[in-house]
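So the structure is just underneath, and the comments pick up after that.
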Amino acid sequence: MPPSVGDLATPALIVDLDRVEANLRRVQAYADAQGVDLRPHVKTHKTPRFARAQLDGGAVGLCVAKLGEAEAFADAGFDDLVMPHTVATADKAARAVALAQRVRFAIGVDHPAQVAVLAAAAEGAARRLDVRLEVDTGAGRGGAPAEAVADLARRVRDAAGLRLAGVYTYEGYTYEARDRDELVARHDAAQVALLEVAATARPFADGAFAVSVGSTPSALAEVPLRPGITETRPGTYVFDDLTQARWAGGLEHAAAHVLATVVSVLPGRAVLDAGSKTLTSDRRPVQDGHGWLVDHRLPVVRLSEEHGVVEGPGVERLRVGERVRVLMNHVCPVANLFAELHLVREDVVVGVVPVAARGRLT
Ligand SMILES: Cc1ncc(COP(=O)(O)O)c(C=O)c1O
């Protein structure tokens, strides 16, 4: 008999394959309808099995968050990797250049000092390192201001070992939009800003040039993309989570849950064997609490490292020893905490895969 979900030791991260497959089809269809490349961000699953499924479904390549993640995916046989993040030191620049000798690899920059360190590392390399310019369109995180783009583009062009390969922005602030109209408006403003800097930067490029946007809310809300945008980079959509539910259209699209056990039921509360070392304390912009018991409609209201406290109407009806599925606020850091994902269809565990790139933070 194949093991059932009820046989798993908890806490476990369970992934519903039917839902993943539907999520992948949905976002691929969005990219296709918009006529852009889908380059999913693998920071959510960190797992070759799902990266392969994304590529088989039509994605052109992958995004990675860190060099270590890129190396893990290159080791697993993946070829076309973009890191929409940057490096600032010679050791990491050398690793970026080494990656570009093994696979197609592009890295982000938003500061002349990064260009200098990458240019020095790439000097004399057999294959040039592709560089994309990150532009800030309102996130206030990484990303050069528009007026710095021409200078950065020129510096990349003038470095013999580098090739200017595109521009990108991460419009993460759209997560806070009140509704779809606001999401579309904010995203559209980001596209307009990015297209402007793309026009500035493109003359310094040779060969393929990406104009890249993307987040899960924009893909799920099917935000129209303007002509000239070539690529979208959502990541979280593979699993979805509590934060994405309002863009996904409900909790039933969420494919990953923490399976936890009720270890105690006390007056007014129940206690789970999953705390901040499982669910993380990430709240993301729109969530109260630390997770949601989807089958009981109850919130996890407090966490310590190994305890999750559930409160709310009917909480006493939970039974000690009962398994519960917890939908987390933000799935990406949760997946990073687990050594493996348990793959399920209905209640049957059909496979276990290692989270190959977990903890690859450098
Ligand atoms: C640069 C960049 N691109 C794409 C993504 C994917 O966005 P999402 O988490 O909304 O799927 C992220 C997420 O952190 C990101 O930082």
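So the check is Cβ under 9 Å with 6+ separation or different chains; which pairs have a first residue in region 52-68 that's assigned by TED's automatic domain parsing to the domain that holds Ile107 and assigned to a helix (DSSP H, G or I) and a second one that's of a type in the set (Phe, Trp, Tyr) and more than 16 Å from the ligand (Cβ to nearest atom)?
Once the first residue is assigned by TED's automatic domain parsing to the domain that holds Ile107 and assigned to a helix (DSSP H, G or I) and sits in region 52-68, its partners that are of a type in the set (Phe, Trp, Tyr) and more than 16 Å from the ligand (Cβ to nearest atom) give Arg52/Phe78; Leu55/Phe78.
Yes or no, residue by residue, for (1) under 30 Å from Arg157 (Cα atoms); (2) part of a helix (DSSP H, G or I); (3) not assigned by TED's automatic domain parsing to the domain that holds Thr280:
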residue	(1), (2), (3)
Arg202	yes, yes, yes
Asp206	yes, no, yes
Val211	yes, no, yes
Ser218	no, yes, yes
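Can Val87 be described as surrounded by fewer than 18 Cβ atoms within 10 Å (Cβ to Cβ), under 16 Å from Ala106 (Cα atoms), modelled with pLDDT of 95 or more and among the hydrophobic types (A, V, I, L, M, F, W, C)?
Working: surrounded by fewer than 18 Cβ atoms within 10 Å (Cβ to Cβ): no; under 16 Å from Ala106 (Cα atoms): yes; modelled with pLDDT of 95 or more: yes; among the hydrophobic types (A, V, I, L, M, F, W, C): yes.
Judged against the criteria, Val87 is not a match.
Suppose we filter Thr200, Thr169 for residues that are away from the ligand (no atom under 16 Å from the Cβ), at pLDDT 95 or above and within 17 Å of Asp136 (Cα to Cα); which single one remains? Outline the logic, then answer.
On the way: Thr169 fails: away from the ligand (no atom under 16 Å from the Cβ).
None of the others qualify; the one that does is Thr200.
Kindly indicate which of Arg163, Arg155 is assigned to a strand (DSSP E or B) and in contact (Cβ under 8 Å) with a residue 12 or more places away in the chain.
On the way: Arg155 fails: assigned to a strand (DSSP E or B).
After applying the criteria, what remains is Arg163.
What do you reckon, is Leu118 away from the ligand (no atom under 16 Å from the Cβ) and crowded, with 16+ Cβ neighbours inside 10 Å?
Values: away from the ligand (no atom under 16 Å from the Cβ): yes; crowded, with 16+ Cβ neighbours inside 10 Å: yes.
It is true that Leu118 is away from the ligand (no atom under 16 Å from the Cβ) and crowded, with 16+ Cβ neighbours inside 10 Å.
Does Val223 count as within 16 Å of the ligand (Cβ to nearest atom) and either surrounded by fewer than 16 Cβ atoms within 10 Å (Cβ to Cβ) or at pLDDT below 95 (or both)?
Values: within 16 Å of the ligand (Cβ to nearest atom): yes; either surrounded by fewer than 16 Cβ atoms within 10 Å (Cβ to Cβ) or at pLDDT below 95 (or both): no.
For Val223, the condition - within 16 Å of the ligand (Cβ to nearest atom) and either surrounded by fewer than 16 Cβ atoms within 10 Å (Cβ to Cβ) or at pLDDT below 95 (or both) - is not met.
Quick check on this structure: which one of Thr216, Thr200 is polar (S, T, N, Q) and within 15 Å of the chain's Cα centre (by Cα)?
Values: Thr200 fails: within 15 Å of the chain's Cα centre (by Cα).
Residue meeting the stated conditions: Thr216.
Given (1) near the ligand (Cβ under 10 Å from one of its atoms); (2) part of a helix (DSSP H, G or I), where does Ala193 come up short, assuming only one miss?
(1)
Which number in (1) within 20 Å of Val82 (Cα to Cα); (2) modelled with pLDDT under 95 marks the one condition that Gly143 misses?
Checking Gly143 against (1) within 20 Å of Val82 (Cα to Cα); (2) modelled with pLDDT under 95, the one that fails is (2).
Check whether at least one residue in region 247-261 is surrounded by 16 or more Cβ atoms within 10 Å (Cβ to Cβ), at pLDDT below 95, within 27 Å of Val349 (Cβ to Cβ) and touching a Pro at 6+ places or on another chain (Cβ under 7 Å), and report yes or no.
No - not one qualifying residue is present in region 247-261.
Can you work out which of the residues in region 308-331 that are charged (D, E, K, R) and under 20 Å from Leu13 (Cα atoms) is nearest to the chain's Cα centre (by Cα)? Walk me through how you get there before you give the answer.
So the first thing to find is which residues in region 308-331 are charged (D, E, K, R), and the list is 311, 316-317, 319, 322-323, 325.
Next, only the ones that are under 20 Å from Leu13 (Cα atoms) stay: 322-323, 325.
Working: Glu322: 32, Arg323: 28, Arg325: 22 Å.
Among those residues, the one meeting the criterion is Arg325.
Could you check region 203-214 and list, in sequence order, the residues that are within 16 Å of the ligand (Cβ to nearest atom) and at pLDDT 95 or above? It would help to see each step written out before you state the result.
As a first pass, look at region 203-214 and keep what is within 16 Å of the ligand (Cβ to nearest atom): 210-214.
Once the filter is applied, which keeps residues that are within 16 Å of the ligand (Cβ to nearest atom) and at pLDDT 95 or above, region 203-214 yields Ala210, Val211, Ser212, Val213.
The values are calculated or read from the model by the stated rules, or taken from the named source; none is laboratory data. Small disclaimer: the values here were computed from a predicted structure and weren't measured. FYI the Cβ positions are ideal-geometry reconstructions off the backbone, even for glycines, and counts take in every protein chain you see.
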